[in-house]
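Nothing in this text is a laboratory measurement; each read-out follows from the coordinates by a stated rule. Not measured: the values here are computed from a predicted model. In this analysis, Cβ positions are derived from the backbone assuming ideal geometry, glycine residues included, and neighbour counts consider all displayed protein chains.
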Amino acid sequence: MKKAIKDFYATPAILLNKTRMGHLKTAVANRNADHISSDHYGPASVRNLLEDIYHEKCSYCESTVKQVATLQVEHYRPKNAVSEDASHPGYYWLVLEWSNLLLGCPSCNGQGAKGNKFPIYGSRVMSLNPFDTADNFILQSLRADQSPHFDEQAILLHPEIDDPDDHLKFTKMGEIEGVTERGRGTIEICNLNRDTLFKSRQAIINNFLKQCEIISEGKDKGFLDDAGVEFFLNHQLNLLLQHRDDPKAPYTSFVNYILNHPETCILPRIEPLFQPDFQRAFAKFKQEALN
Ligand SMILES: [Zn+2]
């Protein structure tokens, strides 16, 4: 998961149009949002804005699934039910709320992963009417970073409010670990160590280590002198940096973690005799390229 920037005050106008406000009033009256479809909360214009904000990646797992599946406009707070409370009708009043709309891949969003899960530490908001007695729509009352919703103290990290880097770290093999209880909860809710994700992240570090191995072999066989070793290691490190800085590339938070923690992610996994070469090349790369 990666921090995303969304202006909560810039709700797309289409989500606030007369038709949708009418649907929202009906949802509030009926205490359910069953009649509000993805055509209402996720029309092309809204999806496009979310794809820009999330660089066409899943808000939770950073997968670029567009080629093989559709990223779904997804509700951070579930709209139809809450797994943790059978008496809760779901956050039907947030079905069109901009701060509640993320972009989810089918694996993070579906049953077995997030589904309708929304555990919290505080007291749950059971209903809310965003229209006052004069029928004015109070948008502020729906925002994820404001009371009363923020006071629920959600366990699931919100990539537009929280900084996932404060809550999550990685192992040298590419598993995500929680630094905090919310981090651990988020991994569990979205199943962020599922096999496909783990293997995809693992492939990034394994590919880098394979290249280190080839360079090390080149040195052993006398094809590369110290300057050659440094040149090729620097090239590989710059490829990692390019990956990290490509907003549309998958799993950039893991790549960022690798670059900031070479002592745990890289060093223990390369030949002891080659470690000083790597450390020298990394020190220079850090000084010149890494920020
Ligand atoms: Zn996902």
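Things worth noting here:
- Where the alpha-carbon atoms of segment 195-288 are placed on the principal axes, they occupy 38, 29, 20 Å, in descending order.
- 32 Å tail of the calculated P(r), the chain, as % of Cα pairs: 35
- Under a 5 Å amide H cut-off, with hydrogens placed 1.01 Å from N, Ser63 pairs with Cys58 among residues at least 5 apart or on other chains.
- Calculated FRET efficiency, Glu175 to Gln287, Cβ-Cβ distance, R0 = 25 Å: about 0.25 to the nearest 0.05.
- Residue-wise HN-Hα couplings along segment 179-188, as the Karplus relation 6.51 cos²θ - 1.76 cosθ + 1.60 with θ = phi - 60° gives them from phi, are 8, 10, 5, 5, x, 5, x, 5, 4, 5 Hz; Gly and Pro carry x.
- Karplus-derived HN-Hα couplings along segment 217-222 (A = 6.51, B = -1.76, C = 1.60, θ = phi - 60°), whole Hz, x at Gly and Pro: 5, x, 5, 4, 8, x
- Estimated dipole of the chain in Debye, rounded to 20 [Cβ of Lys and Arg +1, of Asp and Glu -1, Cα centre]: 580
- Segment Phe150-Ser127, length gained on full extension (0.36 nm per residue, minus Cα span): 6.8 nm
- At most 13 other Cβ within 10 Å, DSSP loop - trypsin sites (Lys or Arg not before Pro), segment 25-76: Arg31
- For the options Gly104, Gly112, Gly183, a Gaussian network treatment of the chain with springs between C-alpha atoms closer than 10 Å singles out Gly112 as fluctuating the most.
- Largest GNM mean-square fluctuation across Ser253, Ser216, Ser87, computed for the chain with C-alpha springs under 10 Å, falls on Ser87.
- Simple point charges give the picture: +1 on the Cβ of Lys and Arg, -1 on the Cβ of Asp and Glu, and for segment 26-181 a dipole about the Cα centre of about 440 debye.
- Ranking Gly22, Met126, Tyr41 by Cα position along the charge dipole of the chain, where only Lys, Arg, Asp and Glu carry charges on their C-beta atoms, puts Gly22 farthest toward the positive end.
- Spacing of the two label points (7 Å from each Cα toward its C-beta) at Asp245 and Asn136, in nm: 4.8
- Over 25 Å (Cα to Cα) - which of Lys3/Lys286; Lys2/Lys284; Lys2/Lys286; Lys57/Lys169; Lys6/Lys248; Lys57/Lys114 fall in this group: Lys2/Lys284
- Distant-in-sequence amide contacts of Leu103, defined by a placed amide H-H separation under 5 Å and a gap of 5 or more residues or a different chain, comprise Ser59, Glu74.
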